[in-house]
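Reading through the structure tokens given below for one structure.
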Amino acid sequence: MPSSDLRVSVVQAATVWHDAAANRALYGDLVRPLAGQSDLIVLPETFTSGFSNDAVDGAETMQGESVAWLRELAAEVGAVVTGSMVIRDGDTVFNRLLWARPDGSLATYDKRHLFRMAGEHQRYGAGSQRLVVELKGWRVCPQVCYDLRFPVFLRNRWDAATERYDYDLLLFVANWPRPRRDAWRTLLRARAIENLACVVGVNRVGADGNDIDYAGDSAVIDASGQVLAALGPEPTTVTLTLSAEQVHAWRERFPAYRDADAFELQS
């Protein structure tokens, strides 16, 4: 169980189309005021480029300027900073979430489910493994956008041997278009309810270079499915504290995991 409360900052902004330098400036200015106020700062999906199949042509590597910038930013503000970027690794380009810690270390997760309706599966490589990281006693499972639609991959399991869940916080970074906003809001709550875990979803706002509009709707939801914060369509930054006691109390009061079906995830 989480041992202490967790301060989470949601940074919802209008990512600049195909301009990594402009986006580093944009998000840097939004993140720096959060120094000392947050433990975890969450940026949208592909926050250095916008969601674009053409972004593969300008994909950076893990040794590139944007990854170095993200690590330096996390150290500067003394918090984990996370979001996804278009990253070339060998011959393959991934929609890769980076979990940048203040000590300079990194963890990564490659988007598992690629959005075929936009042809993402034709130009990007898919990940195969979930990532679970620890922060202040919280086990956090970060995911990317379309992953939200696949509950089997996201299922939170209880391990009786270790007496712990896979995770306590499920995190989604996204570029989720306005026409499907009802699905976004509904599925975020559903993932919290069925997994007895807090959920944070961070989306972008504004229109991208393909004239696709994004309504924001970033949200923070507690382990019982109650919405703690629901953002609108404007650029917004908000910080909330997730209660370790609330997670523990709800799981004790409503232990649905005891009736869950056992299964194994296949890669």
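What follows draws every value from the coordinates through simple rules; no lab data is involved. Only a predicted model underlies this, so the values are computations on that prediction, with no experimental measurement involved. Methodologically, a virtual Cβ is constructed for each residue, glycine included, from the backbone with ideal geometry; neighbour enumeration extends over all protein chains shown.
The longest stretch of the chain left intact once loop-based GluC sites (Glu not before Pro) with at most 10 other Cβ atoms within 10 Å are removed from consideration, loops following DSSP, is 1-162. Between the residues Val205, Thr162, Leu106, the greatest Cα displacement towards the positive end of the dipole of the chain, with unit charges on the Cβ of Lys, Arg, Asp and Glu, is found for Thr162. Counting only Cβ charges, +1 for Lys and Arg and -1 for Asp and Glu, the dipole size of the chain around its Cα centre is about 460 debye. Normalising the average separation of contacting C-alpha pairs (under 8 angstrom, six or more residues apart) by the number of residues puts the relative contact order of the chain at 21 percent. In this Cβ point-charge picture (+1 for Lys and Arg, -1 for Asp and Glu), the range 16-108 has a dipole of about 220 debye about its Cα centre. In the chain, the calculated helix contribution to ellipticity at 222 nm averages -6500 deg cm²/dmol per residue, counting -39,500 (n - 2.57) for every DSSP H run with n ≥ 4. Rounded to the nearest 0.05, what FRET efficiency is calculated for Ala249 and Leu106 with R0 set to 30 Å and r the Cβ-Cβ distance? Approximately 0.35, to the nearest 0.05.
Backbone amide hydrogens, once placed in the peptide plane, bring Ala126 within less than 5 Å of nothing, excluding anything fewer than 5 places away on its chain. Think of each Lys and Arg Cβ as +1 and each Asp and Glu Cβ as -1; about the Cα centre, that makes the dipole of the range 86-200 roughly 480 debye. When both bridge partners sit in the chain, DSSP labels roughly 65% of those beta bridges antiparallel.
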